[in-house]
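Asks: Below is one structure. I have some questions about it.
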Amino acid sequence: MSKLKFLKSHEWYSAENNTVGISDFAQHELGDIVFVELPEVGENVEAGVAFGNVESVKAVSEIYSPVSGVVTEVNEDLQSAPELINQDAYAAWMIKVKVSSVSEELISSADYDELTKR
Amino acid sequence: MKTIFEKSQTGKCALSIAACDVPEYRLEEGILRQEDARLPEVSEIDVVRHYTALSKRAYGVDDGFYPLGSCTMKYNPKLNEEVAALPGFTGIHPLQCPRTVQGALEVMYRLSEKLAEITGMDQVTLQPAAGAHGEYTSLQLIRAYHLDRGDTQRNKIIVPDSAHGTNPASASMAGYSIINIPSGPDGCVDLEALKAAVGKDTAALMLTNPNTVGIFEKGITQIAKIVHEAGGLLYYDGANLNAIMGTIRPGDMGYDVVHLNLHKTFSTPHGGGGPGSGPVGCKKALAKYLPGPIVVKTQEGYALSESSEKSIGRVKTFYGNFLVALRALAYIEVLGKEGIKQAAQLAVLNANYMMARLKGKFPTHSSKICMHEFVVSCEEIKKEIGVSALDFAKTMIDRNMHPPTIYFPLIVHEALMFEPTETESKATLDWACDTVLELLEEAYRDPEAFKKHPCSMPIGRPDEVTAARKPVIIFGRDSD
Amino acid sequence: MSTYTPHTASEIREMLDVVGVKNLESLYQGLEGIFARDMNLPAGKSQQEVARYFEKLAAANNVFGSIFLGAGAYQHYIPPVVKSILSRSEFITAYTPYQAEMSQGILQAIFEFQSMIAELTGMQVSNASLYDGSTALADGILMLSEKKKNKVLLSEGINPRSLEVVRTYLAPLGFEIELIALENGKTSLADLEKKLSDDVFAVGLAQPNFYGVIEDAATIGEAAKAAGVGYIMQVEPFACALLKTPFECGADVAVGEGQPLGMPLSFGGPYLGFIGAREKLTRRMQGRIVGKTHDSEGRDAYVLTLQAREQHIRREKAGSSICSNQALCALTATVYMASAGKEGMKEVARQSLSKAHYLAAQMTAIDGFELKYSSEFFNEFVVVSSAPADLIRNKCTEKNILPGLKLSDHEMLWCATEVNSKEDIDQLISVLKEVRP
């Protein structure tokens, strides 16, 4: 997890796997996630721009992209089992991206922890 | 309880119609459906027992106190139902020649006239089917008005963050983008935020008054001035008209267009989610954009005028929910000028009385006089003992009280929004306040037990997560 | 005088004291001076007087002894069970079922309604209702919209009032409507194929169409599918009980006007919009949806579900602002369909079909009356007459008969349902025989 970089809007990016997801803090705030809307393979994502959203029973939140690039893979498991995000937010990656550039707003895991400390 | 489908037995039917007395006509096989629709086959008594049982698992204003904030759940007079059931109204076809429906047209004309007077508007359409539909129609009028003047850059609607969700959603359906402005600490429009938001792209500000925390926007004249000077229009969300009807008119406050909820303010029943009716009134400058037809009075009687060339077009197939409009007229006729004014005053009195009795026990959002509703917050209680607004709501169900609106407006955390309405007696309000205060004690005594309510209903708290993750919305289409 | 408020004068006094104001007017402190005005409204009346007034108004309407007018609103027999159940105040005076535990009856009834609509249309999902058949068509089209495509092709056979509502809804969003021409009263496949282009996202028609004609809905569906565009059908509920279902015809969305299912004509409302769709479109469907789940003890429970799509949560990003729908009308349709059941629905459909064909045969046997289209029809048809439509209308009105809809000076759209007996039809025919141009 320490290898991950974060946006203040609670998304993580793994440079190792080129994957994007939402943080454990975010899943906890949202509560039981019931649905995830993700882009399709081949679509472009842009750093700092929403690419999808997550729904709980009584709320919906946009997911912002930490990187710019083209979506190469989408985690289809989340369509039938969005609860995977609640179970392990860092294993439940959402999209894999062929990255062209990375957001300048990304912060380290330690800084993100500091930010979300209650 | 079993569904009606599970009570089906082949060969049963509860419809009894005359045998066909003309030669049977058969369609060619190729165009027919392959399998019959699997509708339930039940006898008349099965239908009666089944739906009577379901009715006993429902709760209406006739069953008890219903202080659902922002919904104005007042008593629905029986007279309204009686007159709406007259065959002279239920048996007429919407495309009959106008001279054969003079009574119906008078109902529409007279109601439009009264609503125009009550709102301070010049023209009214009864066509929209519900409140949100009225909002949507109003926004289309606003759009048509600006475009017709060649003012094509006005593509933004300003909405306070305390607004009903329907406001931004309706504006978006009408092609607008939304600017949300934060409310001030008292829940009212922050004039500085408004000034910063208006501009050449402002089409309108959507604002309910009294606002959603139950406070009258005293700055309304100034708000109207700011919006109008920027070239925008002011739209009135009529959800809260019950507080001021007969005393204060949106038209006099500077509003240009208003929608009403006849199923809130004008006592027509809500039917478990409609049919409502959402008439729209507007000032002269907007009248030519209204959807047609509109009832007009001529020397030969009432007639339906075709819509103007500039009309936004119909928003519904015929003339709106006519039988709902008719009920509203019956209500206005009974109350009359003084009765309408008094209804609003007593709605405000009832809300203030309840608020006064709960004050100090629950933090209320306003310490001043409220209008027809008030908001209390369970935020502190939740921090202290973990009991939420939802827990209070669910416990009230066990005391045979419909809970107030919860978690709205969004600007108040852990909100409980009470709107007792004018048709509740002092005795009922005293009972309700006593009950709520008892519940407060109960919550502190045993917070864990408190969270287990309701326990006197056919079900306990439902699993909404499973419902949303694996939706089962059609009978027989789930795996179990 | 009745004002429906239960307060005594002394109670008002007591309550004002608790609130700490001296009179009712003081509740509007600081506002009266600015806005107060004397409204021009009549004085209140007793319930007795108001009842008499409405009886007088009702009597000023002409309820025709026999009705041959449809065109979007249909007279059918309503079983007494429907009226009886629908008079239960628990249903009438409830709000939207936000509190599931005390609203299981309403929620279950909506679940049953959704299920019946799915059965009738063959579709996989449905919702709690929409405003009416026209707004449902507009909503259904919007459900099929796609980024980068801006055109919908709609059959000229759709009810003109529905088309107007769709135009109203689509205009501000920048969508364009192009009409598909009719050929012998049917949506022209050739014209459709000519108009299918890359910017089209959906094709729509009505079954049967406004002129009563039964469309080759499956053929049009195949063309839509081949072009990779969405397909929407606006259907009549009784026709659904007999004809190939929208699902069988390849529709992605089926919508319709539910008024024939137990709702009286009522001068145009309240009526009922219904919708069915393919499962993949569930989250794009507007309005309330009831889902089945369970409570903590495993008991079946019904709730409003997928609410995160809706306006109160998603606000400007919601696909629709609908909040109150036509719940009591949906309940009416549910009780009607439960009463009629599988066989009753078909029987009403067959009788409407047979009577319309008998009426058409009798009418066209008269000199100067001809069917406009030779295509197969359901329970409505267009007749061209040498006698002017206005004259026909006047003659019929004199005999307490409501004739078909005037489409042009010499064309009328006629309708029959199970309610029209042979005797009524024969009487109409004898009146028409008397009409000489």
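The values are calculated or read from the model by the stated rules, or taken from the named source; none is laboratory data. Source: prediction; values computed, not measured. Counting neighbours? That spans all protein chains shown, and the Cβs are built from the backbone with ideal geometry, glycine included.
Asks: Tell me, please, whether a residue that is more than 30 Å from B:Leu207 (Cβ to Cβ), surrounded by fewer than 16 Cβ atoms within 10 Å (Cβ to Cβ) and at pLDDT 95 or above can be found in the stretch B:36-48.
Replies: yes
Asks: Take C:Pro264 and decide whether it is modelled with pLDDT of 95 or more, touching a Phe, Trp or Tyr at 6+ places or on another chain (Cβ under 8 Å) and within 9 Å of chain B (Cβ to nearest Cβ).
Replies: no
Asks: Having 1 or more residues that are within 14 Å of the chain's Cα centre (by Cα), within 30 Å of C:Thr293 (Cβ to Cβ) and among the hydroxyl-bearing types (Ser, Thr, Tyr) is the bar; report the strands (runs of 3 or more DSSP E) wholly within the stretch A:1-112 that clear it. Let's see the steps before the verdict.
Replies: Numbers: elements: A:11-14, A:19-22, A:33-37, A:50-56, A:60-64, A:67-74, A:95-102.
Here the list reads A:60-64.
Asks: Looking at the stretch C:167-250, what strands (runs of 3 or more DSSP E) fall wholly within it and have at least 1 residues that are within 14 Å of chain B (Cβ to nearest Cβ), surrounded by 24 or more Cβ atoms within 10 Å (Cβ to Cβ) and at pLDDT 95 or above? I'd like the intermediate steps shown before the answer.
Replies: Details: elements: C:176-180, C:200-207, C:230-235.
Fully inside the stretch C:167-250 and qualifying: C:200-207, C:230-235.
Asks: What number of residues in the stretch B:341-354 are under 20 Å from B:Arg249 (Cβ atoms) and within 7 Å of chain C (Cβ to nearest Cβ)?
Replies: Number of matching residues: 5.
Asks: Show me the helices (runs of 4 or more DSSP H) found entirely inside the stretch B:129-220 where at least 2 residues are of a type in the set (A, V, I, L, M, F, W, C), more than 22 Å from the chain's Cα centre (by Cα) and assigned by TED's automatic domain parsing to the domain that holds B:Phe318.
Replies: B:131-148, B:191-197
Asks: Where residues in the stretch B:132-167 are within 11 Å of chain C (Cβ to nearest Cβ) and free of Cβ contacts under 8 Å to residues at least 24 places away in the same chain, which of them is nearest to B:Ser70 (Cα to Cα)?
Replies: B:Gly165
Asks: Please specify each residue of the stretch B:71-83 satisfying the condition of being more than 7 Å from chain C (Cβ to nearest Cβ) and surrounded by fewer than 22 Cβ atoms within 10 Å (Cβ to Cβ).
Replies: Within the stretch B:71-83, B:Lys78, B:Glu81 meet the criteria.
Asks: Now a separate question. Does the stretch C:291-313 include one or more residues that are basic (Lys, Arg), in a loop (DSSP other than H, G, I, E, B) and either under 24 Å from the mean Cα position of the chain (by Cα) or closer than 21 Å to C:Ala138 by Cβ (or both)?
Replies: Quick first cut of the stretch C:291-313, residues basic (Lys, Arg) only: C:292, C:299, C:309.
If we keep only those that are in a loop (DSSP other than H, G, I, E, B) as well, we get C:299.
From the residues that got through so far, the ones that are either under 24 Å from the mean Cα position of the chain (by Cα) or closer than 21 Å to C:Ala138 by Cβ (or both) too are none.
Looking for residues that are basic (Lys, Arg), in a loop (DSSP other than H, G, I, E, B) and either under 24 Å from the mean Cα position of the chain (by Cα) or closer than 21 Å to C:Ala138 by Cβ (or both), one finds none in the stretch C:291-313, hence no.
Asks: Any idea which residue in the stretch B:242-285 is farthest from the other protein chains (Cβ to nearest Cβ), counting only those that are surrounded by 24 or more Cβ atoms within 10 Å (Cβ to Cβ) and in a helix (DSSP H, G or I)?
Replies: Top of the filtered list is B:Asn242.
Asks: Confirm whether C:Ile401 is touching a residue at least 60 places away in the same chain (Cβ under 8 Å), β-branched (Val, Ile, Thr), farther than 24 Å from C:Lys186 by Cβ and within 13 Å of chain B (Cβ to nearest Cβ). Don't jump to the end; show me each part of the working.
Replies: Values: touching a residue at least 60 places away in the same chain (Cβ under 8 Å): yes; β-branched (Val, Ile, Thr): yes; farther than 24 Å from C:Lys186 by Cβ: yes; within 13 Å of chain B (Cβ to nearest Cβ): yes.
Yes, satisfied.
Asks: I've got another one for you. Give me the residue from the stretch B:238-293 that is modelled with pLDDT of 95 or more and of a type in the set (Ser, Thr, Tyr) and, out of that set, nearest to C:Leu130 (Cα to Cα).
Replies: B:Ser277
Asks: Exactly one of these conditions fails for B:Ala85: (1) over 18 Å from C:Gln75 (Cα atoms); (2) out of contact with any helix residue (DSSP H, G or I) (no Cβ under 6 Å at 6 or more places or on another chain). Give me its number.
Replies: (1)
Asks: If you check B:Tyr51, B:Tyr25, B:Tyr66, which single one turns out to be surrounded by fewer than 20 Cβ atoms within 10 Å (Cβ to Cβ) and among the aromatic types (Phe, Trp, Tyr)?
Replies: Details: B:Tyr51 fails: surrounded by fewer than 20 Cβ atoms within 10 Å (Cβ to Cβ); B:Tyr66 fails: surrounded by fewer than 20 Cβ atoms within 10 Å (Cβ to Cβ).
None of the others qualify; the one that does is B:Tyr25.
Asks: If you don't mind, there's one more thing I want to ask. Just wondering, is there one or more residues in the stretch C:61-79 that are more than 30 Å from C:Phe381 (Cα to Cα) and either more than 8 Å from chain B (Cβ to nearest Cβ) or at pLDDT 95 or above (or both)?
Replies: no
Asks: Restricting the search to the stretch C:155-166, which residues are in a loop (DSSP other than H, G, I, E, B) and either small (Gly, Ala, Ser) or away from chain B (no Cβ under 12 Å) (or both)?
Replies: Selection gives C:Glu156, C:Gly157.
Asks: Out of all the residues in the stretch C:295-333, which are modelled with pLDDT of 90 or more, within 17 Å of B:Phe408 (Cβ to Cβ) and among the aliphatic types (A, V, I, L, M)?
Replies: C:Leu304, the sole residue that qualifies.
Asks: For the stretch C:358-374, check the following and say yes or no: at least one residue is β-branched (Val, Ile, Thr), out of contact with any helix residue (DSSP H, G or I) (no Cβ under 7 Å at 6 or more places or on another chain) and farther than 30 Å from B:Pro409 by Cα.
Replies: yes
Asks: Within the stretch B:36-57, take every residue that is farther than 19 Å from B:Ile459 by Cβ and among the hydrophobic types (A, V, I, L, M, F, W, C) and give me the one that is farthest from the other protein chains (Cβ to nearest Cβ).
Replies: That would be B:Ile45.
Asks: If I ask for residues that are more than 18 Å from the chain's Cα centre (by Cα) and within 11 Å of chain C (Cβ to nearest Cβ), which ones from the stretch B:413-429 would you list?
Replies: The answer is B:Glu424, B:Ser425, B:Lys426, B:Ala427, B:Thr428, B:Leu429.
Asks: Okay, moving on. Which members of the stretch B:311-363 meet the condition of being closer than 21 Å to B:Asn76 by Cβ and outside any helix (DSSP H, G or I)?
Replies: If the condition is that a residue be closer than 21 Å to B:Asn76 by Cβ and outside any helix (DSSP H, G or I), then B:Gly320, B:Asn321 are the ones that fit.
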